[in-house]
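Input: a single structure, listed below in structure tokens.
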Amino acid sequence: MLVLSRKIGETIVIDNNIQITILDVRGDNVKVGVAAPRHISVHREEIFQEILKSNQQAKQVQTGLEAMTSLAKALPKAGKKASTAKGSVELKPSAGSSSSTPPTPPTV
Amino acid sequence: MGANSPVKTIETLRFGTLDVDTSAIIQFVTPILGFEGLNEFVILDHEPDSPFNWMQSLQDPALSFVITNPAYFDIEYEFVLPEDACSILKVQSPSDILVYTLVTIPDDNPMKMTTNLLGPIVIHMQTNQAMQVILNDNKKFQTKVRLLSDASLDAFNPNESG
């Protein structure tokens, strides 16, 4: 692991196009700004771990079809609702096609 | 229905041998966390009118996930698709995509099943490219959201108590 010392306002550049800036330091809290191309994913590590753990639990190994069948029997209402519920999840791609201002770097 | 789409025959532990229309194969462009290298899946109906689907791996016969849409369970679920996902999947409009969430069904108490709202599966319907989107707000979106409240379970099973 590369270890660098930085002062507030100073930046690290990774691979020519990812900038990591130290925005503020208060006690043991460090505010970091990340500016990266759109296709680069930036996440808090603990969120990563949370999803990883949840995925492992969701993996169906033993709970077989019996559980699902009993669920299906228990869920007539939810089942009927399915036809009307479709499409009610709304999503808004951020930024869209506007290229006016670059998005502000998310703070981590 | 599909005119001449080639069919791929796959082995699965749960569903036996399946003939899959290759045009229905979902390609994960970034892996489902923890399942690196398994990027091809097919989505299967559970039963007609069921709020559940299965997402079966083409590469690992034993790997299948139960998925759903939280709206079926009256769970309010709205999020802004992060820029990395828009860019990677080339999403132009919300109507380009399908959203599913993974369901965890506890062995000992299936009715206490939960779904993961923090890492939804987003599929571009035209390209069939997919990814597990990581929403960065784990206060707003949790990985263990109950699909069925205790109250709604009572309503389903009025005769069963205890």
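The values are calculated or read from the model by the stated rules, or taken from the named source; none is laboratory data. Fair warning: this is a prediction, and the values are worked out from it, not measured in the lab. All Cβ positions, even for glycine, are placed from backbone atoms using ideal geometry, and neighbour counts span all protein chains on display.
Points to keep in mind about this one:
- Failed criterion for B:Cys86 (all others in (1) farther than 30 Å from B:Ser149 by Cα; (2) within 11 Å of chain A (Cβ to nearest Cβ); (3) surrounded by fewer than 19 Cβ atoms within 10 Å (Cβ to Cβ) hold): (3)
- Search result, residues across segment B:3-28 that are in a strand (DSSP E or B) and within 14 Å of chain A (Cβ to nearest Cβ): B:Thr12, B:Gly16, B:Phe28
- Flag for B:Val42 being within 30 Å of B:Ser149 (Cα to Cα) and surrounded by 19 or more Cβ atoms within 10 Å (Cβ to Cβ): yes
- The strands (runs of 3 or more DSSP E) located wholly in segment A:1-103 that include 2 or more residues which are at pLDDT below 90 and within 14 Å of another protein chain (Cβ to nearest Cβ) occupy A:91-93.
- Given (1) without any contact (Cβ under 8 Å) to a residue 24 or more places away in the chain; (2) under 15 Å from B:Val42 (Cα atoms), number of the condition B:Asp107 does not satisfy: (2)
Rundown of residues vs (1) free of Cβ contacts under 8 Å to residues at least 24 places away in the same chain; (2) of a type in the set (S, T, N, Q), yes/no style:
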residue	(1), (2)
B:Leu81	no, no
B:Ala85	no, no
B:Leu89	no, no
B:His124	no, no
B:Ile134	no, no
B:Lys139	yes, no
B:Arg146	no, no
B:Ser149	yes, yes
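- No other residue among B:Pro31, B:Pro70 is more than 7 Å from chain A (Cβ to nearest Cβ) and crowded, with 19+ Cβ neighbours inside 10 Å apart from B:Pro70.
- Members of segment B:94-135 that are out of contact with any Leu (no Cβ under 9 Å at 6 or more places or on another chain) and part of a loop (DSSP other than H, G, I, E, B): B:Pro106, B:Asp107, B:Asp108, B:Asn109, B:Gln126, B:Asn128
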